Amino acid sequence: MPQVLVETIDSHHRELLRALDRVEALVRAPRSGDELATAIETVRRSLLAHELTAERFVVGPLRDSHLLVDGELDALRAELDQLSQDAVRLGNGEPAPEAVAAFVRDARRHIQRKTRAVAPAARAAAAAGRLSAVPRWYVEEVYGQQGDPGARPPEEWLG
């Protein structure tokens, strides 16, 4: 079951990369300012939802088990905060294409660094049974509650 957790987090990672691809495509093609702002906000929300979900189910438990380097995680957290601020700034008004391209590059670098810092320990811990068995539906629900832009509001499934 822990492998399902890692696979689910990986699927969120892939969704985030697709959202970045969309922003890049919008910068290169004619588009409305609202469309680009929405795409940037989608990236921001997806990045935060991915981060918070991974923190809760993977990073936190690995940190508690002393399998991750805290200093590196602190630097990645500061980087994420800056990316979020950049996304808010870029989503307001008509940003320069170069600024959006720099944001996308920085976001991709952040994701790569975070993956290098966490993925090997997560896969090893999952294989050794050191990560909790969390059902996919629960991880998806937490991800949606953390800000996934595609998530349905809770009242939709309450009936």
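Please treat every number below as a calculation from the coordinates, not as lab data. Because the structure is predicted, anything quoted here is derived from the model rather than measured.
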Compactness index (Cα Rg / 2.2 N^0.38 Å), the range 1-80: 1.33
Need one number: convex hull volume per residue for the chain, Cα atoms only, in Å³. 109
When the Kirkwood hydrodynamic radius is evaluated over all pairs of different C-alpha atoms of the range 46-106, what value in angstrom, to one decimal, is obtained? 13.1
